[in-house]
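K.L.:
One structure follows; several queries about it will come next.
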Amino acid sequence: MKTSLTALFLTVAALPLGAADLSRATALYQHTDYAGAMHVLLPDKNDKQLDAPAYALAGKSSFMLGDFGKAGDYFQKAVNLAPGNSEYVLWLGRTWGRKAEKANPFSAPGDARRARDCFEKAVALDGHSIEALGDLFDYYLQAPGFLGGGLDKAEATAHRIEGIDQAEGRFDLARLAIKRKQTAEAEGHFRAAVNLAPKAVGHAVAFARFLTQQGRLKDADAVLAQAQAAAPESPRLMYGVAAIQIETHRDTAEARRLLQRYLTCSLTPDDPPREAAEKLLRQTSGT
């Protein structure tokens, strides 16, 4: 008895994504071609049966494309298939967080609580995950008490991070000190973070921005010069230096040069998006 074409198509659609296709989609994602990754994962744009890693990658790609509704659906499917995976739970929490930012005042608190629950669960599943602890720290630092935030909770989490990654922990303690308006303590933590991890350019950019906000432009330049010596080809540093130049209304020509160079770099999902760089570049031209 011959199999009908409809049955054949349904069978093919139900097959899990091949390892080669997942690898190809992952490479596209890592090169910030999120639409390309989605095309490999779901070429006919119809939801087919995927395994947990493929659902998670579809979630990340949708998240980066700004489709948080679909991202949440994909991450939930990944979590359903692999409930013990801390990374999937973490990304589900990030998606709830972005939904909360865009939601109306009535639904935002519920979305925020779901984000917190996911962050706490991700940490419970993997207590050594710097990413999960970092997102939980961010939540505690920024959320009001009635949504489960709190500076004491943030401090305890920062110390947990410090026990795993000293530089990252000191960086988070600097951000906490800023929140508490403890300027001297913040500077000490920033300086320690930069010295402990000279190539962690995000720390240096944040420290330089902190110094510029106090009018200490020469000190900020020294911090950025130290970072450029440690990581001269870092796209993230190019973007950060350009942003500070624009914020301080200093050398817009240098900012333009750095942004143009940034846009030629091979970027990753950890780098600021091209759209953000293009927006800053337009600012240097007054448009």
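Laboratory data are not the source of any read-out in this text; all were calculated from the coordinates shown. The structure presented is a predicted model; accordingly, all values stated were derived computationally and were not measured. Don't worry about glycine lacking a Cβ; one is built from the backbone with ideal geometry, like all the others, and counts go over all protein chains shown.
K.L.:
Per 0.36 nm of contour for each residue apart, how much would the distance between C265 and A230 grow if the chain were fully extended, relative to their Cα-Cα spacing? Walk me through the numbers before you get to the answer.
P.N.:
Numbers: separation 35, 0.36 × 35 = 12.60 nm, distance 1.82 nm.
In short, 10.8 nm is gained.
K.L.:
How far is helix 252-262 tilted off the main Cα axis of the chain, in degrees rounded to 10, range 0 to 90?
P.N.:
Between the helix axis and the principal axis of the chain, the angle is about 30 degrees.
K.L.:
If you don't mind, another one. At 7 Å along Cα-to-Cβ for each site, give me the label-to-label distance between I164 and R180 in nm.
P.N.:
For I164 paired with R180, the spin-label model returns 2.2 nm.
K.L.:
Report Rg(Cα)/(2.2 N^0.38 Å) for the chain, keeping two decimals. Please list the in-between numbers first.
P.N.:
On the way: Rg = 21.6 Å, N = 287, 2.2 N^0.38 = 18.9 Å.
It is 1.14.
K.L.:
Would you calculate the volume per residue, in Å³, of the smallest convex hull containing every Cα atom of the stretch 77-166? All intermediate terms of the calculation are to be shown ahead of the outcome.
P.N.:
Numbers: hull volume 7.3 nm³, N = 90.
Here the figure is 81 Å³ per residue.
K.L.:
How charged is the neighbourhood of G84? Take every other residue with its Cβ under 13 Å from the Cβ of G84, and add Lys/Arg as +1 and Asp/Glu as -1. Mind showing how you got there, number by number?
P.N.:
Details: positive: K121; negative: E87, D126.
Overall, the nearby charge balance is -1.
K.L.:
Also, I was wondering about something else. Once the other residues with Cβ under 12 Å from the Cβ of T26 are scored (Lys, Arg +1; Asp, Glu -1), what is the net sum?
P.N.:
Numbers: positive: R24, K60; negative: D21, D33.
Around T26, the charge tally is 0.
K.L.:
Okay, next question. Grab the Cα-Cα distance for Q142 and K102, subtract it from 0.36 nm times how many residues apart they are, and report the gain in nm with one decimal. Intermediate values should be presented prior to the final figure.
P.N.:
Working: separation 40, 0.36 × 40 = 14.40 nm, distance 1.60 nm.
Extra length available between Q142 and K102 comes to 12.8 nm.
K.L.:
Please build a GNM for the chain, connecting alpha carbons under 10 Å apart, and tell me which residue among G127, G145, G69 fluctuates the most.
P.N.:
Its mean-square fluctuation being the largest, the pick is G145.
K.L.:
So, one more: Compute the acute angle (0 to 90°) between the alpha-carbon long axis of helix 52-64 and the principal axis of greatest extent of the alpha-carbon atoms of the chain; round to the nearest 10°.
P.N.:
Relative to the chain, helix 52-64 is tipped by roughly 50 degrees.
K.L.:
Within the set of other residues whose C-beta is less than 11 Å from the C-beta of L259, count the net charge using Lys and Arg as +1 and Asp and Glu as -1.
P.N.:
Details: positive: R256, R257, R261, R274, K279, R282; negative: E254, E278.
So the surrounding residues net to +4.
K.L.:
Let me know the charge dipole size of the chain about its Cα centre in debye, to the nearest 20, where only the beta-carbon of Lys, Arg (+1) and Asp, Glu (-1) is charged.
P.N.:
Values: 35 positive and 34 negative charges, 110 e Å.
Roughly 520 debye for the chain.
K.L.:
Roughly how far apart, in whole Å, are the Cα centres of the stretch 182-203 and the stretch 64-92?
P.N.:
Each part's Cα centre sits 33 Å from the other's.
K.L.:
What is the helix-to-structure angle for 201-212, meaning the angle in degrees between its Cα long axis and the longest Cα principal axis of the chain, kept from 0 to 90 and rounded to the nearest 10?
P.N.:
40 degrees
K.L.:
Right, here's the next one. Output the peptides 206-214, 266-274, 183-191 sorted from most to least packed, where packing is the average of other Cβ atoms within 10 Å over each peptide's residues. Could you put the intermediate results ahead of the total?
P.N.:
On the way: 206-214: 19.3, 266-274: 14.0, 183-191: 17.2.
In descending order of packing, they fall as 206-214, 183-191, 266-274.
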